[in-house]
Structures are given as structure tokens and as C-alpha cells.
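See structure below.
The values are calculated or read from the model by the stated rules, or taken from the named source; none is laboratory data. Computed from a predicted model, the values in this text were never measured in an experiment. Backbone-built Cβ (ideal geometry, glycine too); neighbour counts: all protein chains shown. When the accessible area is computed, the model is the full protein with side chains, heavy atoms only, and any ligands, DNA or RNA have been set aside. Shrake-Rupley method; radii C 1.70, N 1.55, O 1.52, S 1.80 Å.
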Amino acid sequence: MPGPRRYRGLLIGNADFPRDPNGLPRLHGPLIDIDLVYHALTDEHVDLFALEDVELLVDEPIQKMRERLDAFFAAADRDDVLLIYYSGHGMLDVHNKLYLGANDTLKSRLRSTAVSAAELNAMIDDCAATGIVIVLDCCYSGAFRSGDLAASVSGRGRYAVTSARATQLALDQTAPGQASPFSAMFVRALREAETQDYLTVAALYRQVFEWLAAAGGQTPQLRFTGEGDIVVARRGGGTVSRTAGANRAAPLATLVSDGMRRARTEQLLDGMLQCSNLLGRSPLPYGFRGSLQLLTQVMSGVAESAPDRVPAFARSIFSWPFIASGNVEALTRMAEVVAPADPKFAGRLVTDVERIMAQPHGEADGMILADAAAAIASIDMHRARKLAVQAERFTRDRPSHSGEHRGLTLAKVAKALAGIQPDRARKLAAEAERHMTYGERGSRSWTARNRLEMARDLRRLDIEQAQRLVVEASGNLLGFNIYDERNLPHAVWLAGTVDPWCAARIADACPDGGWKAQALAEAALAVAGVDKERARLIIAEAVDQAQSVTAEEEYESASFHIARATAAIDPDRAEAVASSLGEQYRSAVMLFAAAQRLTELHS
């Protein structure tokens, strides 16, 4: 029976290599691998590793990876048992020396941007602990040409377990949501390998080897230098003393998920901010409405996942050519999105709107004041009511305003008052609809678009009224076939905020060509929230429509919309679709894809 020992683990998962995406493609398994290993090591039935003694290192740059490895070994005492688990890209240089990839590794600069086996050995040689286990599940871009991978990190008093022979590829996950084959068997052995009282590294390796051999896959390796064996798991009959970490203060799933989520969130946010800054260099190719949609999705993800970073992203977004700091519609949209996460910042944005509105700005003032009221209704009802009253008075006092303009403004006032004065809001909503009457044939398409805008504003106050408005507007758009094709994607987007299936019908009835491809992509984006399989089929239709486009600019615009819709279903695929687009389109798709990953990560 082993004496009192402290078991400590450092689990390193590197899945993204953004500096060298061609040489080091993104991996899907590593984060799942170390998540599962963490759960297995700290399982109460294994009962050797305390929660606080197992550290996760997820997609970190080389400098931090080196620092954490050095600190991990330097803090060890003689009786400690240390376990290093690495899942990611493993590479050989021209001298067949092993390197482990970090988040910022460049395959052409391994010595300065990756951790070498020689570095790892030097840290171990200086470590006081006499029991060290190194597990390498290395997935790399090309087969190793020669050399014994386990021998690269073996030494006195240490085990080296590797997922494959030197001439074999270590496989990444074979299906979404699964670990790599080696990690899956490693975790299974920790939990299930048959042994009496204690599971040693040698026994664990034998079980993993048998399972992988039976599956006909890669061949793991084991090398040990020293005496005896190292226990890594307990079975029901034994008891093992630990010097620290006996208390388990929180559920395992919560602890590991939170740790990995924070690391992944920071990585995604850093990449998003970089893409956002790129978009400030030249005009966005998809216009103001598209920019507003991108603003909404990005800031929604940032506000939910990292409220402290809202101001930094806001500064970046306000550098976009179509989202200038003086654009009041962009200010109110951003205030509405971030208000729940950062009320003070949202309040400052609304103050900017009020300041701008103090200057003469034409007949859009009432709508903008109403939008500002809606933006802060959830955080400052008194101020929201005051702005709503001003907006209503503004539009009623101006006879020059058309009936439709007054209707749109009153709908926005109703939206602002929905949670403050619901009865008043419903009356205003009914009055707003009465102002939206269809006139001559030439103006019907414009009225239909305005009804879609109104439906979007009223959907949270009265979903039945909003759906009725969408159905009526759709009938007018499709029945007369007179709507400007360039506005069809936006009309589909508006309809999709209320009724995704109605949006799909509008898109399907559009005339063939590039604008239909864009409209179908907008419909797929709306449908993805309720039926991803149907959204995939709509995207396939959009791709078919785009293939018929001969104008290069129109084709690229359609491809952007398709990639953006794809991001809602499969962010990785979206980035692949966007790889052939220009820098501005590509950066926008990367932003959409990262925002979707944030949403999935925090859902």
C-alpha cells in the first residue's frame, strides 16, 4: 500500500493554432480529452487527485505554457506524484526532436514557438518529485519520420505513455463531441480497468493497449525508468492518504466546465476583437443594415459572456465605417443589447443619443427617441417613460409626418412601454397598425416592409399581432412581386425575427439569382434557431442559387450571406466557406462564427 502522497495534475489541451492554420489545422478532440481526463482523475471512485490539485491549461500561448509547466514542476515535493497530460499537435523538427504545440505555435519556428522534449526533460530533471507520469496524445499534421517518441521524454523515476508509435498519426476525435480514441480508452481504463485495490500506470497501459489493438487503430507506447510502479487510481477496497484537498466544495462538472469555459471564452473574445478591428480599416461591403446585424450578434455574445469587455468592443465597433459614433440608430441598438449586462454603459449610450437629438435632425427623431426608450426600459423605467412620452409627442406634433412614419414611431413607443404601462402600450400598438394602410400598387411593397419592421418591434408585446402583420406583409410582397430585389434579404430577416417559417416562404418565392441566394441565407439563419436540419437544406438551396450568379461582386455577397447563415449551424464549416472571400467579408464571417461559439459555450 502506498504511503501518504499528494497527487497533482496538469492537463494541457491545445485545439486552436490561429497563427498557422494551414500547417496546424484546428483539432476537435483536445478540449474534450482533458475535460474527460479531469473528471476521471478527480472521480470519487478513483479518489487520488483532489479537485484543487488538478490544473487545466487550455489553448494558451507558448510563454504561458512554459511558465505553467515550470511552476508545476518547481512546486513539487519529493513524495508528490505528478501527472502531465498533453492533447494537441505533436511535431518533429529536422533532427527528429519532439515539440508540443501551443496556441501561437508556428510550424516553421518550432524552437521559439513550441515546447521541446528537451525543455520538458530539463524541468523534470530539476524537479524534486520522484514519481512523474507523462501522457502525450499528440495529433500532428504529418507522420513522424523516425525516433522513439516515448524515449524523447523518458528518464529516471518517470513514466512516459504515448498514444501512437513514432511512425503513426495520433488520431483526433472521430465524431463531434467525442474524445480522441486514445484519450477515450485512457479515461475508460482509469474508471473501469480491472485490478485489486490500486491501478498502476503499467496496468492502465496494458488495458489501453489491448482495447486499441482490438479496435485495429494506433499502437500506444510505454517507457519507464526507475524502480517499482506508480499508482494512479484507487479501486473500492483500498484507502489512500492525501495531504491536501480532501474537501470537494463544488460539483465536478461545474468546476471543470467553468474553468474551460473561461479559458475558451477569453480566446474567442481576443480573436473577435482582432477581427472587429480589421473591419474598421475600410467600408464594410454589406451596408448599414448588415453592419447592425453584425453589431447585434457580436455585442450579444460579449455582453453575455464577458460584460467587462463591452466598452472595448464598443470602441472597436464604432470604428466601422457604417457605424460611426454619431449614428444614433447604432447607439440605440447597442444600448438595447448591452443594457442587461452593463446598465451604466447603456445609460451613457442613451445620453449620447439625447445629446445628438438636441440638435435638429429631421423627421427621424421620434423613432430614435422611442428606440432609446426601449433600449433602457429594463434598467431605468422612469427615464424610458420620459423618452417615450417625448417620442410620442414629437410625432403627433408634426403634421408633415406620413401616416406610416407615425405608425412606426408609435409601434416603437409601444415596445418601450410594454413592461412599464402594458395597457397603454397595447392601445398604441393598435393605433400604429391603423396607420399602416396599403395604398396604390407602387407603394404596397414599402408598406409591407414597414409592417415587417412594426412586427419586429411588437413581437414581445403581442406575438399574435406581430404574426398577423408578418403574414399580411408577406402576402403583399409575394402577391405583387414588385419589391426591390436588393431589399428582399432585409425583409426576410425582419420576418424571421417573428416567424422563421414565413421568412422561408418569402425567400423561396423570390426570383432566382444572387438576391434569392441572400434571402434564402437569411431564412436559414432564422430557421436555424428552431430546426437546424431544415436550415441546412435551405442553405443548400442558397448555394445552388449562388452558383448561377456570374457577377463577381454579387457572387461574393451571396457567399458571405451563406457563410454567415452556416455559422449558426456549423462555425467551422462557415470559416471554411469564408476562406475564399475578401478580407472584409472573411473577418465578418469569423466574427459571426466566434459569436456563435460564444453562444453555444454559454448556453
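Some notes on this structure:
- Heavy-atom accessible surface of Glu552, to the nearest 10 Å², is about 150 Å², with a 1.4 Å probe and all protein chains retained.
- Note on Lys107: accessible area approximately 90 square angstrom, rounded to 10, probe 1.4 Å, nucleic acids and ligands left out.
- Within the straight-line cut-off of under 20 Å between alpha carbons, the lysines reachable from Lys97 are Lys107, sequence neighbours fewer than 8 places apart in one chain being disregarded.
- Converting phi to 3J(HN,Hα) with the Karplus coefficients 6.51, -1.76 and 1.60 and the offset θ = phi - 60°, the range 269-279 yields 5, 4, x, 5, 5, 5, 5, 4, 5, 5, 5 Hz in sequence order, with x at every glycine or proline.
- For the range 516-525, 3J(HN,Hα) per residue [Karplus equation, 6.51 cos²θ - 1.76 cosθ + 1.60, θ = phi - 60°, Hz, x = Gly/Pro]: 5, 4, 5, 5, 5, 5, 5, 5, 4, 4
- Taking all protein chains together and a 1.4 Å probe, the residues Arg424, Arg456 rank Arg424, Arg456 from largest to smallest accessible area.
- Computed on protein heavy atoms with a 1.4 Å probe, the accessible areas place Arg505, Arg66 in the order Arg505, Arg66, largest first.
- The listed residues Arg460, Arg398, once ranked by accessible area (1.4 Å probe) with the largest placed first, stand as Arg460, Arg398.
- Near the amide H of Val549, within less than 5 Å, lie no amide hydrogens of residues on another chain or at least 5 residues away, with H placed in the peptide plane.
- Accessible surface of the range 542-594 [probe 1.4 Å, protein heavy atoms]: carbon and sulfur percent: 44 percent
- Note on Lys344: lysines with a C-alpha under 23 Å away, same-chain residues under 8 apart excluded, are Lys386, Lys412, Lys415.
- Close amide-amide hydrogen proximity is noted between Val115 and Leu100, Ala102, each under 5 Å apart and 5 or more residues distant or on a separate chain (H modeled in the peptide plane; Pro and chain starts excluded).
- Highest mean first, the peptides 114-124, 6-16 sorted by other C-beta atoms within 10 Å per residue fall in the order 6-16, 114-124.
- Based on protein heavy atoms only, the range 488-552 ends up with 40 Å² per residue of surface accessible to a 1.4 Å probe.
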